[in-house]
Amino acid sequence: FDGLKAQIESQIPSEIARLKALKTKYGQEKVGEVTVNMLMGGMRGIVGMLYETSLLDANDGIRFRGLTIPELQEKLPGKRDREPIPEALLFLLLTNKVPTEKEVEALRADLMERAEKFAKECAMNDAGNKSKKNVFDALRALPEETHPMTQLSAACLAMQNDSKFLKMYASGTMKKTEYWKYIYEDALDLIAKLPVVAAYIYKRSCVKEAARKSSEVPTVDASLDLAANFSQMMGFSSNECKELMRLYLTIHADHEGGNVSAHATHLVGSALSDPYLSFSAGLNGLAGPLHGLANQEVLKWLKEAQVALKGDYSAETVKTFVENTLKSGRVVPGYGHAVLRRTDPRYECQREFALKHMPDDEMFQLVSRLYEIVPDVLKATGKVQNPWPNVDAHSGVLLQHFGIKEENFYTVMFGVSRSIGCLSQLILSRAHGYAIERPKSVTSKWLEEKFQ
Ligand code: NMX
Ligand code: MLT
C-alpha cells in the first residue's frame, strides 16, 4: 500500500515552499521572550520547536491537526463501534487530512501485514533456525522482573538491525531528499511491531497466573484493526476491551512536541538517528514518574487509598488521605500539568467511557470522588499551577475493570500509542528538512555576570 506514502510525497514540495516563505517573510520576527525564570524552570513557555501533528492549548486541550477528541470521535472513519481507530489518526497526523474509509482500511491492512510478517518470521526463527536471533531472544535474556518499559525500550534497540534508513545511510547512496522515505518505512514497521512486542512482554513478565503466561511469539490476526489485535494478543478478546484499546491508543498518541517523550524522540531524530534509536529515547523519557509512569503511580496510589479508606469515601476521609500523600513528600499522581490549565480532555473522554461501560465499578467511584476533592487540596498549597486531573488519573481504572490488572504494564501501552505521534512527526521532520537541534545553554555564573 503506497497510497499514504504517495500522498505525503505529493505534499512535500508545497510544505517546503510554505516553510521557506515563512522563513523569508518572518525570519527575523520574535515569537516570545526568554526570562531567567523560564530558563531555570524547565524551559516552560519557551516556544522553541516546530511540531505539526498536534497543538496543545492550555484551556482547550489537545487538538490533533486541529481536531479535538470529540471531533475525532465524530469524524474519523473506520470505527468498529463508537471509538475511532488509531490507524485513522495516524493517517490524519501524517497528511493533515481526514482519510476516507478506503484509505483507513488500506493503512490498517498495511500495518497488520507488517505485524504478521514480523511475528511469523520471529516465530519461525524460534522454532526452526535457533541460530537466527531475534528481538524475543533479546527480551528472554533480560530478567523477567525487568521493568516492562525498560524491556520495551531495549526491544526497540534490539530491532534497530532491521532499520532500512540505517542501511541506506551506511550505503552512502541516499540523497537528503530521500531520507523521509526510509524513515517512513521504519516508522510504519515500528508502529506495527510494537504491539506484538508489548503483548509478548505482558504475557511473559507481567502476568502472574500460569494459565495466562506465555513466552511464545504472539499470533497476529491480520483481519483485525491494530488495537483489537493488540487487545487479543494480550488475551482480552471482548468487544468492550477492544473498544477501550481503540480509545486508549488514539488519545495517548500525541500531545504536541514539548512533552518529554515527543521532545526526546524529536531531538535524537534530529541527529539522523533512525526511528528505532529515536523512539527508544522517547520511551526512556516516558518511563519517568512525572511523565508516562504516572499512570502506574496512580494505580498504586488508588490501591493504597482502597486499603487505607476501607470503603469510606466520604469527603473528609478522602481529603485527609490526599493531604497525607502531600505531607509524605510525594506528588498526587495524575494531577497537574505543565501546559494545561483545566481538566485534561483525555480524562474527560475516559470518564465518559467509564460512565457508559462501568458506572458502578467501585474503583471508578473512588476516582470520581478524588476528582471532587483533589483540586481544592492542591489549590490550597498555593503553588500548583494546574490542580486538575490529567490523562493518567483515569486510564488505569478502566484497564483494571477489563482485567488488565498489572499496573507496571500501563506505561508500555502509553508507549505503544505514543509511537503514532512521535514517529509521524519524525517522518515529517525529515521530509521537510528540519535542522539538527542544538539550543544554547549557559552557566549560572554566565547569568550572574550578565545581570550584575
Ligand atoms: N501534586 C503535588 N504537587 C504538585 C503537583 C501534584 N500533582 N503538581 C505540581 N505540583 C508542585 C510541583 O512539584 C512544584 O512544586 P515545587 O515548587 O516544590 O517544586 C509546584 O507544584 C509547581 O509545579 P507546576 O508548575 O504546577 O507543575 P510543573 O509544570 O512543574 O509539573 C507535572 C507538571 C505534571 C510534572 C506535575 O504537575 C506533577 O508532578 N504531577 C504529578 C505527576 C503526573 O501526574 N504526571 C503526569 C503528567 C501527564 N503525563 O502523562 O505525562
Ligand atoms: C503527555 O501526554 O505527553 C503529557 O500530558 C505530558 C505533557 O504534555 O507534557
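Where a number appears in this text, it was derived from the coordinates with a stated rule and is not lab data. This one's a predicted model, so the numbers in the text were calculated from it and none came from an experiment. A quick note on method: Cβ atoms are made from the backbone with ideal geometry, for glycine too, and the neighbour counts reach across all protein chains shown.
Taking the fewest neighbouring Cβ atoms within 10 Å as the starting point, the ordered list for CYS422, CYS156, CYS206 is CYS206, CYS156, CYS422.
Using the average count of surrounding beta-carbon atoms within 10 Å as a protection proxy, the listed peptides 327-335, 220-228 rank, highest first, as 220-228, 327-335. Cβ-to-Cβ counts within 10 Å put GLU256, GLU121 in ascending order as GLU121, GLU256, the fewest first.
Near SER395, within a Cβ-to-Cβ distance under 12 Å, what is the net charge of the other residues, with Lys and Arg +1 and Asp and Glu -1? For residues surrounding SER395, the net value is -2. Straight-line cross-link partners of LYS167 among the lysines, defined as a Cα under 21 Å from its Cα and at least 8 positions apart when in the same chain: LYS5, LYS117, LYS132, LYS133, LYS175, LYS176, LYS181, LYS193.
Summing +1 for each Lys or Arg and -1 for each Asp or Glu among the other residues whose beta-carbon sits under 15 angstrom from that of GLY433 gives +2. Here the relative contact order of the chain, from alpha carbon pairs under 8 Å that lie six or more residues apart, stands at 21 percent.
This ranking places LYS120, LYS23 by how few other beta-carbon atoms lie within 10 Å of each, fewest first, which gives LYS23, LYS120. Only the Cβ atoms of Lys and Arg (+1) and of Asp and Glu (-1) were treated as charged; on that basis the dipole of the chain about its Cα centre amounts to roughly 1080 debye.
With the highest mean first, a sort of the peptides 355-364, 188-197 on other beta-carbon atoms found within 10 angstrom per residue produces 188-197, 355-364.
Shape class of region 43-93 from the alpha-carbon gyration tensor: prolate, with a/c at 1.5 or above and a/b greater than b/c. Annotation: peptides 269-279, 136-146, ranked by per-residue average of other Cβ atoms within 10 Å with the highest first, follow the order 269-279, 136-146.
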